[in-house]
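J.: My questions will all concern the structure given below.
The values are calculated or read from the model by the stated rules, or taken from the named source; none is laboratory data. All values reported here derive from a predicted model rather than from experimental measurement. So basically every Cβ, Gly included, is an ideal-geometry build from the backbone, and we count neighbours across all protein chains shown.
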């Protein structure tokens, strides 16, 4: 079984990095953007480096929790969190452009994906390739939703 070590995409947004950051950095709203992560509960209320979250994920009728920790929080530049159960890193990077901001979302697996996560993905979520194709599609959907929200500000 092969896991993709990088899944990601970028979108150009007609809004300043500050406006895009205001949307992206409010992880409480992740359920509005992501088709899989339906809710993020922020422990302690403040989102910053070291913040822990409890996440509720959904694919079809299946619902499962995960936990994550914010590992990078650089205003108007980069937000990253690591999912504890499977070791994946989810990153949002902002880059100023003449027209506004280029936002990139990615999922990387620098330490691989946990054996348990791979087993569950194969047996419960339809297989690794199908699941990761869904993540790629979900990233595009998330970016479009964030773009719409940021441009409406």
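J.: What are the residues in the stretch 27-59 that are surrounded by 16 or more Cβ atoms within 10 Å (Cβ to Cβ) and in a loop (DSSP other than H, G, I, E, B), if any?
T.: 34, 35, 36, 47, 51 - these are the residues of the stretch 27-59 that are surrounded by 16 or more Cβ atoms within 10 Å (Cβ to Cβ) and in a loop (DSSP other than H, G, I, E, B).
J.: Same structure again: Do any residues in the stretch 116-142 that are within 15 Å of residue 58 (Cα to Cα) have Cβ atoms under 8 Å from those of residues that are at pLDDT 80 or above and loosely packed, with under 14 Cβ neighbours inside 10 Å, where the two are at least six apart or on different chains, and which pairs are they?
T.: Listed pairs, sorted by first residue: 121/127; 124/62; 125/62.
J.: Moving on to the next point. Filter the stretch 142-152 down to the residues that are over 10 Å from residue 105 (Cβ atoms) and under 11 Å from the mean Cα position of the chain (by Cα) and list them by number.
T.: If the condition is that a residue be over 10 Å from residue 105 (Cβ atoms) and under 11 Å from the mean Cα position of the chain (by Cα), then no residue fits.
J.: Here's something else I'd like to know. Of all residues being modelled with pLDDT of 95 or more and in a loop (DSSP other than H, G, I, E, B) in the stretch 2-26, which is surrounded by the most Cβ atoms within 10 Å (Cβ to Cβ)? Just the residue, please.
T.: Top of the filtered list is 15.
J.: List pairs: first residue in the stretch 1-22 and closer than 11 Å to residue 149 by Cα, second residue modelled with pLDDT under 95 anywhere in the structure, Cβ distance under 8 angstrom, at least six positions apart or on different chains.
T.: Going by the 8 Å Cβ cut-off, the qualifying pairs are 15/153; 19/153; 22/153.
J.: Based on what the data block shows, is residue 76 at pLDDT 95 or above and either at positive phi or not in a strand (DSSP E or B) (or both)?
T.: So residue 76 passes the test.
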